[in-house]
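J.: Mind having a look at this structure? Questions to follow.
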Amino acid sequence: MMPGDMYDFNLNYIADTIKRRRAGTVGLQFPSGFARMAIEISEKIREHTGSTVVISANSCFGACDIDCGLLESVDLLFQFGHAEIPNLRVENVVAIEVESTIDLLPVMEQAIGMIGDRVGLLSTAQFVHRLPEVQRYLREHGISGVISRGDARIAHPGLVLGCNFSSATPDCDEYLYIGTGDFHALGVALATHKPVRIADPAMNEIRKPDVDRVLRQRCAAIERALDAESVGIIVSTKIGQFRESLAFGLREMAEQHGLDAHILIADMVTPEALLPFDVDVFVSTACPRIAIDNTAIFRVPVLTPPEFEVAIGERRWGDLVFDEIA
Ligand code: SF4
């Protein structure tokens, strides 16, 4: 634990791992939410192990986003804040999930009375280890909480990623997402078409993700792309987002529909990076959050692959699905 914090950075485990693996140089990777802790953690690791520590200043959006350049120059790379992706195991990368120790009781007391008698329980790396505790609490109140196993991209039962909702059990009428932020809950709602409530222990509130607003935005983006004559199909070089064959398949499909189609490859997909490319629409095969979360910041519509298929008439509107990575 870090003093005064409600997150467990597992420093003893890190020190033991470094000593056991005899790592002389270690790298640290943090998502932006934990980056403020990086220097303090780096100093503690150095003090306790004598290792040389290097902090990555590159992005760390998920376990999909391993700093492969840094990995080449260190013996071990600790990636904080995400659960590992089992079908993407990379040698010498160690996931430190940074579990939250916050008291869930206040927010769970609010959830009782708002939810039905059978709910699917979901969370992210910070709270997923608390789901059995939530399940017990619900059971004491006559509610059945279902925790379900996901596919090979999912490390723990009940864990959701912004690109994978396979642990959302179909065997319930609604979901309770324990965590902060709205995107994961929004993704669950879009992927399952079932109601989702967010039990946010940090804000101590129950809320619903704004599904209608996002659906309106996505429909508007697809409509703007209906008359597109050219498309840039984005491939991310991030190791767990790299979907090259999907991109080449989309290019072939676009060309069959008479579009001028180009593959663009990038590490960071930003408005600045895409600015020089004069196309009518982009399709992102990278993290689905790029299209859905950041829709307003790009000059032209950025669609997910299923949305692009709708825009060119390869898929019916009614068959639109959330873009998930297996
Ligand atoms: S692709 Fe996006 S949502 Fe999926 S793990 Fe990576 S950062 Fe998270």
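J.: Looking at segment 226-295, what helices (runs of 4 or more DSSP H) fall wholly within it and have at least 3 residues that are surrounded by fewer than 18 Cβ atoms within 10 Å (Cβ to Cβ), away from the ligand (no atom under 16 Å from the Cβ) and not assigned by TED's automatic domain parsing to the domain that holds Ala57?
T.: Passing ranges, in order: 244-256, 271-274.
J.: Now for a different question. Provide a single number: the residues in segment 303-321 that are surrounded by 19 or more Cβ atoms within 10 Å (Cβ to Cβ) and either at pLDDT below 95 or more than 20 Å from the chain's Cα centre (by Cα) (or both).
T.: Summing the residues that are surrounded by 19 or more Cβ atoms within 10 Å (Cβ to Cβ) and either at pLDDT below 95 or more than 20 Å from the chain's Cα centre (by Cα) (or both) in segment 303-321 gives 5.
J.: Can I ask one more? Take the residues of segment 63-80 that are outside any strand (DSSP E or B) and touching a residue at least 60 places away in the same chain (Cβ under 8 Å): which is nearest to the ligand (Cβ to nearest atom)?
T.: Cys64
J.: May I pose another question? For segment 78-100, indicate whether the set of residues that are outside the structural domain of Val26 (by TED's automatic domain parsing), farther than 24 Å from Leu186 by Cβ and in contact with a strand residue (DSSP E or B) (Cβ under 8 Å, 6 or more places away or on another chain) is non-empty.
T.: Looking for residues that are outside the structural domain of Val26 (by TED's automatic domain parsing), farther than 24 Å from Leu186 by Cβ and in contact with a strand residue (DSSP E or B) (Cβ under 8 Å, 6 or more places away or on another chain), one finds none in segment 78-100, hence no.
J.: Okay, next question. Can you spot a residue in segment 120-130 that is among the aliphatic types (A, V, I, L, M), over 24 Å from Leu11 (Cβ atoms) and touching a Leu at 6+ places or on another chain (Cβ under 7 Å)?
T.: Within segment 120-130 (the criterion being among the aliphatic types (A, V, I, L, M), over 24 Å from Leu11 (Cβ atoms) and touching a Leu at 6+ places or on another chain (Cβ under 7 Å)), the answer is yes, since at least one residue qualifies.
J.: Any chance you could count how many residues in segment 13-44 are under 17 Å from Ala57 (Cβ atoms), among the β-branched types (Val, Ile, Thr) and touching a residue at least 24 places away in the same chain (Cβ under 8 Å)?
T.: 3
J.: So, Ala202, is that one farther than 30 Å from Gly113 by Cβ and in contact (Cβ under 8 Å) with a residue 60 or more places away in the chain or not?
T.: On the way: farther than 30 Å from Gly113 by Cβ: no; in contact (Cβ under 8 Å) with a residue 60 or more places away in the chain: yes.
Criteria not met by Ala202.
J.: Restricting attention to segment 103-145, report how many residues are surrounded by fewer than 17 Cβ atoms within 10 Å (Cβ to Cβ), among the β-branched types (Val, Ile, Thr) and touching a residue at least 60 places away in the same chain (Cβ under 8 Å).
T.: Of the residues in that region, 0 qualify.
J.: Would you check if there is a residue in segment 110-120 being modelled with pLDDT under 95 and within 14 Å of the ligand (Cβ to nearest atom)?
T.: No, because not a single residue in segment 110-120 is modelled with pLDDT under 95 and within 14 Å of the ligand (Cβ to nearest atom).
The values are calculated or read from the model by the stated rules, or taken from the named source; none is laboratory data. All figures in this text were calculated on a predicted structure; none of them were measured in a lab. Methodologically, a virtual Cβ is constructed for each residue, glycine included, from the backbone with ideal geometry; neighbour enumeration extends over all protein chains shown.
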